[in-house]
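Visitor: After the structure tokens below, expect a handful of questions from me.
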Amino acid sequence: MANALSKPRMRLSRIVEMNLGFLGIQFSFGLQQANMGPIYRYLGADEATMPLLWLAGPVTGLLVQPIVGALSDRTVSKWGRRTPYFLIGAILCSLGLLLMPYSPTLWFAASLLWMLDAANNITMEPYRAYVSDRLDESQRPVGFLTQSAFTGLAQTLSYLAPSLLVWWGFDGDLIDANGIPQITRIAFVAGAVISISTILWSVLRVRELPLPPEDVARMQAEPLSPGTALRDFVAAIRAMPTAMRQLALSMLFQWFAMFAYWQFIAFALARSLFDTADPASSGFRQAVLLTGQAGAFYNAIACLAAFAMVPLSRRIGAQYLHAIAVTLSGLAMLAIPQVRDTSHLFLLMIGIGIGWASMMGNPYVLLANAIPPERTGVYMGIFNMFIVIPMLLETLIVPLIYQPLLGGDPRNLLLMTGVMMVMAGAATLLVRTPARAA
């Protein structure tokens, strides 16, 4: 096994430092999840066709991550194999975050989202692969679930940022000429700083392990190029492990559901709790703030749940733990449309948080133990297709069914997402994981 002798066990503090950059990546994602729907509505987007404006995420993920994953497997540089991608992605991400809340038009904001998602995708899969590079099989659950914990922490902060500004005295109703609140602008600027600084800390504090000479010789014998990356990608698809193929159905249901949830939860709460669908109303802005607070709470739950899942994953297995967690999330989504007060809403966010913690950790534990270590980057990129293809399907299908099947009501869409999350739990139980080596 490649690098098997060069993977000394790491202290938990070093694993935390290694994954700190993931906090910056996920802070950026959290800002998008909580604010892009409202930003689009402020700039005049129609609610029914909203998913089409989110195409940037799945399309860039579909195109960028597999290619970058394959390229990073073959990269030989003085900075390391994965680090160049961390840095390039972080710089582009910070620029996108700085510009987004100043968008003057809908097309400008949609274009910036393409840049922002491309930047996040450049960084994401090399970061996933980095965990497998640095940690042996026994420590990978800790590594991936630490990333899950940082996802919860980062998105707690990003979802909560506008509300924190209001609590500190900023006027939540102060808007610019385009209707975008000033507190949104400040939150995005903070995200730009956090994104670049955490990546820099991570790569400077925990550097990549040097590659064995035989691996360097193999890579240099066939120089890095789009052609070699494409051949690696096609070969990896053909040789895809059975457990990875079987995960596809569960991933389809859970990521279709979660993407739709992010897009429509603010609109559902605006109707249920504030009796409005008008993006120019104060009630709508209150619903957006409440969505951020609820999102912060479920991400805080996810942060704590991720650490609790480390011993549970070892005891009952990542497969069964994931099935239980996403089922709880689905039951919570089914109940949200009936909520009439904030206390019940936050109670349901516990289920969402447990499911989200598992989604960001346990499938990667199952994957990392099933794939050859020398092809980690390309397989992590391919696995991301299991995420972005459901997202792409959601952006194309929901506009078609939103009026005729869902009555133009986002609360009905949440009922659909709840059913799909329960189905994802059932599909996870069909996965046949490889036996552990003695």
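Visitor: Based on this model, can you work out whether Thr83 counts as hydroxyl-bearing (Ser, Thr, Tyr) and in contact with a Leu (Cβ under 9 Å, 6 or more places away or on another chain)?
Guide: no
Visitor: Listed residues Leu157, Leu97, Leu106; which is at pLDDT 85 or above and open to solvent by less than 10 Å² (accessible area, probe 1.4 Å)? Write out each step before concluding.
Guide: Values: Leu157 fails: open to solvent by less than 10 Å² (accessible area, probe 1.4 Å); Leu106 fails: open to solvent by less than 10 Å² (accessible area, probe 1.4 Å).
Matching residue, one of Leu157, Leu97, Leu106: Leu97.
Visitor: Please find, among Gln293, Gln319, the residue that is part of a helix (DSSP H, G or I) and open to solvent by 30 Å² or more (accessible area, probe 1.4 Å).
Guide: Working: Gln319 fails: open to solvent by 30 Å² or more (accessible area, probe 1.4 Å).
When all the criteria are applied, what remains is Gln293.
Visitor: Sticking with this structure for a sec: For Ile336, are the conditions met, namely being open to solvent by less than 10 Å² (accessible area, probe 1.4 Å), in contact with a Lys or Arg (Cβ under 9 Å, 6 or more places away or on another chain) and assigned to a helix (DSSP H, G or I)?
Guide: When the stated conditions are applied, Ile336 passes them.
Visitor: Any idea which residue in the stretch 410-436 is modelled with the lowest pLDDT, counting only those that are of a type in the set (A, V, I, L, M, F, W, C) and open to solvent by 70 Å² or more (accessible area, probe 1.4 Å)?
Guide: Top of the filtered list is Ala435.
Visitor: Residue under question is Phe346, and the condition is that it be aromatic (Phe, Trp, Tyr), in a helix (DSSP H, G or I), open to solvent by 10 Å² or more (accessible area, probe 1.4 Å) and at pLDDT below 85; does it hold?
Guide: Against the criterion (aromatic (Phe, Trp, Tyr), in a helix (DSSP H, G or I), open to solvent by 10 Å² or more (accessible area, probe 1.4 Å) and at pLDDT below 85), Phe346 does not qualify.
Visitor: On the given criteria, is Val398 within 24 Å of Leu52 (Cβ to Cβ), open to solvent by 10 Å² or more (accessible area, probe 1.4 Å), modelled with pLDDT of 90 or more and β-branched (Val, Ile, Thr)?
Guide: Answer is no for this residue.
Visitor: For the list (1) assigned to a loop (DSSP other than H, G, I, E, B); (2) surrounded by 24 or more Cβ atoms within 10 Å (Cβ to Cβ), I need the number of the one condition that Asp173 fails.
Guide: (2)
Visitor: Turning to a different aspect of this structure: Just give me the residues in the stretch 176-191 being closer than 23 Å to Gln155 by Cβ and surrounded by fewer than 22 Cβ atoms within 10 Å (Cβ to Cβ), in sequence order. Break it down stepwise before answering.
Guide: Let us first name the residues in the stretch 176-191 that are closer than 23 Å to Gln155 by Cβ, namely 180-191.
Listed by number, the residues that qualify are Gln182, Arg185, Ile186, Val189, Ala190.
The values are calculated or read from the model by the stated rules, or taken from the named source; none is laboratory data. The model shown is predicted, which means the values in this text are computed figures rather than measured ones. Here the Cβ is made from the backbone with ideal geometry for all residues, glycine too, and neighbour counts use every protein chain on show. Only protein heavy atoms, including side chains, enter the accessible area calculation; ligands, DNA and RNA are left aside. Shrake-Rupley method; radii C 1.70, N 1.55, O 1.52, S 1.80 Å.
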